[in-house]
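These notes are about the structure you will find just below.
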Amino acid sequence: MVWSAPPNVGELFSGQADTFPVVKDPCDTMPPGSTTTQTLDPKVQAQCTKQGVPMNSAFASVQQRALVGGNPGLQPEKGTVLTTGVVYEPLRGLDFTLDYWHVKIDEAITNLPFATILSQCYTGGQDKFCQDVIRDPVTFHIDHIVDIIQNVGSLTTSGLDFSAAYQYRNNMGTFRHAFEGTYLFQYNVDTGLVSPDTGKEQILHGRGFYDLGLNPTLKFNLFTTWAHPSGLGAGFNIRFVNGSQECDQNDCNTPPDDGRPNHGRLDIASYATGDLFVNYGLKTSQGLTRITVGVNNVVDVAPPIIYNGPALNADESAYDFMGRQVYLRLSQLF
């Protein structure tokens with residue numbers, strides 16, 4: 001399927017505003033907590049010098065100001081989508097599904113992570129991204145990063161959605177067991193620029209790397225529910241997100257200069273949480289009244305540390321920040 005979509009009103013005209021992401025200034029030779037200056041990577045130093053930043057500049061930067069919001073200059077994005085799948089039911093109540101999807105979007109409408117803009121400027125040497133880093137002409141610290149919504153060259157992603165479910169009934173009630181997940185084959189952004197190192201088109205690979213945000217190779221849910229004819233029920237759910245890698249300057253796409261393939265790389269731990277609930281439903285002339293008691297994140301798992309994450313060394317887009325939560329819910333269906 002081929003389609004074209006113009007930017008929506010919010011992408012075009014939503015108000016621009018300041019935000020303050022936790023990202024380090026690549027030209028800062030004295031990170032927070034350090035008492036001595038550090039030598040910058042030669043590529044980074046060259047870009048800092050090009051922007052007029054004096055050698056051995058120390059800003060002790062923790063957060064940067066960034067401009068986010070709509071962009072009236074956006075162009076329509078065009079895409080091609082391929083999907084195919086199968087459903088298999090070998091037994092009554094037992095079914096398997098497998099769906100393959102491949103999506104390519106040209107002139108994709110998005111905004112890149114703040115750290116990616118910095119890494120593509122200072123490590124990747126891309127002047128287009130450097131134009132989005134505005135420095136104070138006197139102090140040379142970062143005044144703000146321009147990260148409004150924009151068109152990028154293209155976005156290509158593909159993967160498999162899969163599931164297995166089994167439902168049956170016996171004298172104890174009705175049981176349903178299900179397993180649902182996604183396996184990611186690729187998540188690539190073609191910036192439309194040429195890499196100064198290779199002379200080829202620059203493609204950023206996001207699968208399993210944090211360069212383009214969190215795009216884990218594998219994630220899944222496993223859950224079981226039980227319902228008794230008396231109205232009593234219970235269930236549990238396990239959610240899993242596979243680990244990834246993040247790199248110095250949020251750039252896992254550029255090999256280290258020292259030849260050590262894992263230098264400057266950190267593993268983002270895999271993450272799994274479990275939820276439990278018990279409920280009771282009572283049918284009356286007014287409908288169905290149901291009371292539920294549950295615990296989310298039963299073992300109080302903390303989100304993994306992501307030093308380039310947007311929310312104080314973590315990422316709220318995929319992980320639970322609330323910790324263990326006990327809740328009581330009353331619902332009424334008429």
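Of note:
- Taking the conditions (1) among the acidic types (Asp, Glu); (2) at positive phi; (3) modelled with pLDDT under 95 in turn, Asp300 satisfies each one other than (3).
- Selected residue (only one of Gly181, Gly192, Gly125 is in contact (Cβ under 8 Å) with a residue 40 or more places away in the chain, at positive phi and part of a strand (DSSP E or B)): Gly192
- Checking each residue in region 141-164 for being touching a Gly at 6+ places or on another chain (Cβ under 8 Å) and either under 25 Å from Ala17 (Cβ atoms) or assigned to a strand (DSSP E or B) (or both) picks out Ile148, Ile149, Val152, Ser154, Asp161, Phe162, Ser163.
- Given (1) at pLDDT below 90; (2) assigned to a strand (DSSP E or B); (3) surrounded by 17 or more Cβ atoms within 10 Å (Cβ to Cβ), index of the condition Lys283 fails: (3)
- Considering region 228-245, the residues that are in a loop (DSSP other than H, G, I, E, B) and in contact (Cβ under 8 Å) with a residue 12 or more places away in the chain include one that is nearest to Tyr280 (Cα to Cα), namely Gly231.
- Residue count for region 50-103, restricted to those that are among the small types (Gly, Ala, Ser) and under 23 Å from Pro6 (Cα atoms): 4.
- Residue satisfying all of: in region 128-140; part of a loop (DSSP other than H, G, I, E, B) and at negative phi; surrounded by the fewest Cβ atoms within 10 Å (Cβ to Cβ) among these: Val138
The values are calculated or read from the model by the stated rules, or taken from the named source; none is laboratory data. Since the structure is predicted, the reported quantities are computational estimates derived from the model, not experimental observations. Methodologically, a virtual Cβ is constructed for each residue, glycine included, from the backbone with ideal geometry; neighbour enumeration extends over all protein chains shown.
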